[in-house]
Amino acid sequence: MRAMKKVGYRVDGLVNMASYGTNEFDSLFFYHDERQFKNVLYDIKDKYDAICYSTEPDSPVKWIKDVVGDTKKIIVDLHDLDSIRREFIPLPEQEMFNAADGLIYVSNPIRDIENELHRVTMPNTVLYPYCNEGIVDFDADAPRQGLVYEGGANPPDDTQLNAAFNYRSLYGIMKRLVELGNETHMYCGNLSAYKTYQDIGLVLYPPTQYDEMMKGLVKFKYGVLIFNNETGENRQVTLTTTNKFFEYLQAGLPMLSCWCQESMEHVKKHKIGFTFNHIDEIGDCSSFENKYKEVFENVLQKRKELVMENFIVRYENLIADVLGIERKGIPKKIIKLHEFEYGD
């Protein structure tokens with residue numbers, strides 16, 4: 001949204017929570033339920049060329065279609081899909097695909113699977129979840145120490161949650177990092193993790209507002225990019241490029257990446273961290289010291305390149321395809337960057 005505004009678009013928001021970043025919208029509307037959502041959209045729909053929705057949940061895309069019919073184009077930013085995460089297609093997801101006119105995927109393998117699964121013929125693209133440039137600043141010469149993980153994690157005693165989303169069962173992983181001799185910190189994305197991970201030697205931070213968390217990340221030496229996916233069978237992890245990948249990058253953190261194949265490929269491609277077949281290979285991180293400076297310098301360079309502002313043209317061109325208008329060209333100064341990142 002910030003990148004779209006920087007290139008001249010007006011962007012309004014319809015949300016059910018006034019969260020971090022909503023102050024960036026040109027105007028903001030709020031809803032509690034389907035009735036309010038549709039009433040607001042009836043009043044404002046004629047102001048827009050396209051209506052963009054970010055999952056999840058999936059059901060509001062059908063609400064949009066109910067209001068606008070075929071008079072407006074609907075673009076859906078697909079981040080979490082049950083057909084990937086839980087390997088079945090619930091009705092709201094199918095209705096969402098049926099209602100959409102354009103799709104944005106978070107990775108190439110997910111696009112390939114979903115386009116075949118849903119028989120997609122509409123315009124679609126892949127756009128990784130980059131951060132905006134300048135989202136956080138730091139002194140590159142300041143000392144850094146320890147490992148840090150940021151994000152959601154399941155409480156160990158929640159059997160139902162761990163069965164449904166086992167890749168977020170991180171208690172054993174975080175415990176192992178500490179046992180290996182690492183000073184390990186964790187910005188918990190949910191209060192239940194903060195309460196239940198207290199006994200394994202972590203330095204824990206409760207759920208923290210996004211901008212404050214980003215400022216906190218710059219104190220650490222490595223970002224932990226590991227999930228409970230040793231077998232590689234969880235497609236949500238194996239096929240996804242994560243938000244935290246780009247957040248670590250912007251905070252200047254070389255990554256320790258394990259059991260998340262798509263993210264590991266990007267770590268290796270950009271030479272911005274270390275990848276492992278097993279968590280025990282990490283040890284106490286002392287063996288990486290001779291390579292740290294080189295990797296850190298790569299991080300400092302890549303954090304300037306891998307920002308949403310350099311790739312927002314992919315979003316613009318998707319909108320152009322959906323609306324049937326001429327595409328924008330990619331500026332010459334970033335053509336090679338696009339080719340390296342996406343191969344097109």
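The values are calculated or read from the model by the stated rules, or taken from the named source; none is laboratory data. Computed from a predicted model, the values in this text were never measured in an experiment. FYI the Cβ positions are ideal-geometry reconstructions off the backbone, even for glycines, and counts take in every protein chain you see.
Wholly within segment 1-108, which strands (runs of 3 or more DSSP E) include no fewer than the required count, namely at least 2 residues that are within 30 Å of Phe227 (Cβ to Cβ) and assigned by TED's automatic domain parsing to the domain that holds Val313?
On the way: elements: 13-15, 28-30, 50-54, 73-77, 102-105.
Where strands (runs of 3 or more DSSP E) fall fully within segment 1-108 and carry at least 2 residues being within 30 Å of Phe227 (Cβ to Cβ) and assigned by TED's automatic domain parsing to the domain that holds Val313, they are 50-54, 73-77, 102-105.
Residues in segment 100-150 that are of a type in the set (D, E, K, R) and within 17 Å of the chain's Cα centre (by Cα) were compared, and the one that is surrounded by the fewest Cβ atoms within 10 Å (Cβ to Cβ) is Glu133.
Where helices (runs of 4 or more DSSP H) fall wholly inside segment 242-344, the ranges with 3 or more residues that are modelled with pLDDT of 95 or more and surrounded by 21 or more Cβ atoms within 10 Å (Cβ to Cβ) are 243-250, 261-270, 308-323.
Condition test on Ile226, is it assigned by TED's automatic domain parsing to the domain that holds Tyr187, buried (at least 19 other Cβ atoms within 10 Å of the Cβ), β-branched (Val, Ile, Thr) and over 15 Å from the mean Cα position of the chain (by Cα)? Considered against the rule, which asks whether it is assigned by TED's automatic domain parsing to the domain that holds Tyr187, buried (at least 19 other Cβ atoms within 10 Å of the Cβ), β-branched (Val, Ile, Thr) and over 15 Å from the mean Cα position of the chain (by Cα), Ile226 comes out as no. Within segment 267-300, the only residue that satisfies the criterion of being touching a helix residue (DSSP H, G or I) at 6+ places or on another chain (Cβ under 9 Å), of a type in the set (S, T, N, Q) and farther than 21 Å from Asn229 by Cα is Asn298. Residues that are crowded, with 18+ Cβ neighbours inside 10 Å and in contact (Cβ under 8 Å) with a residue 40 or more places away in the chain were ranked within segment 56-84; the one that is nearest to Asn234 (Cα to Cα) is Ile84.
Evaluate the following for Ile319: is it touching a residue at least 40 places away in the same chain (Cβ under 8 Å), under 14 Å from Pro123 (Cα atoms) and hydrophobic (A, V, I, L, M, F, W, C)? Yes. Scanning segment 8-46 for residues that are among the β-branched types (Val, Ile, Thr) and out of contact with any strand residue (DSSP E or B) (no Cβ under 8 Å at 6 or more places or on another chain) gives a single hit, Val11. Which of the residues belonging to segment 154-211 are within 26 Å of Gly134 (Cα to Cα) and either outside the structural domain of Val237 (by TED's automatic domain parsing) or aromatic (Phe, Trp, Tyr) (or both)? Residues satisfying the conditions are Tyr187, Tyr205, Tyr210. When segment 151-173 is limited to residues that are in contact with a strand residue (DSSP E or B) (Cβ under 8 Å, 6 or more places away or on another chain) and among the hydrophobic types (A, V, I, L, M, F, W, C), the one that is surrounded by the fewest Cβ atoms within 10 Å (Cβ to Cβ) turns out to be Ile173.
For residues that are under 17 Å from the mean Cα position of the chain (by Cα) and touching a residue at least 12 places away in the same chain (Cβ under 8 Å), scanning just segment 265-301, find the one that is nearest to Ala140 (Cα to Cα). In this case the residue turns out to be Val267. Checking each residue in segment 110-119 for being in contact (Cβ under 8 Å) with a residue 24 or more places away in the chain and more than 14 Å from Asp80 (Cα to Cα) picks out Leu117, His118. Within segment 302-316, the set of residues being more than 23 Å from Ala140 (Cα to Cα) and touching a residue at least 40 places away in the same chain (Cβ under 8 Å) comprises Phe311, Ile312, Arg314, Tyr315, Glu316. Would you check which residues across segment 130-147 are in contact with a strand residue (DSSP E or B) (Cβ under 9 Å, 6 or more places away or on another chain) and part of a loop (DSSP other than H, G, I, E, B) and list them? Hits for segment 130-147 are Arg144, Gly146.
For segment 229-249, a residue qualifies if it is of a type in the set (S, T, N, Q) and over 23 Å from Leu78 (Cβ atoms), and exactly one does: Thr231.
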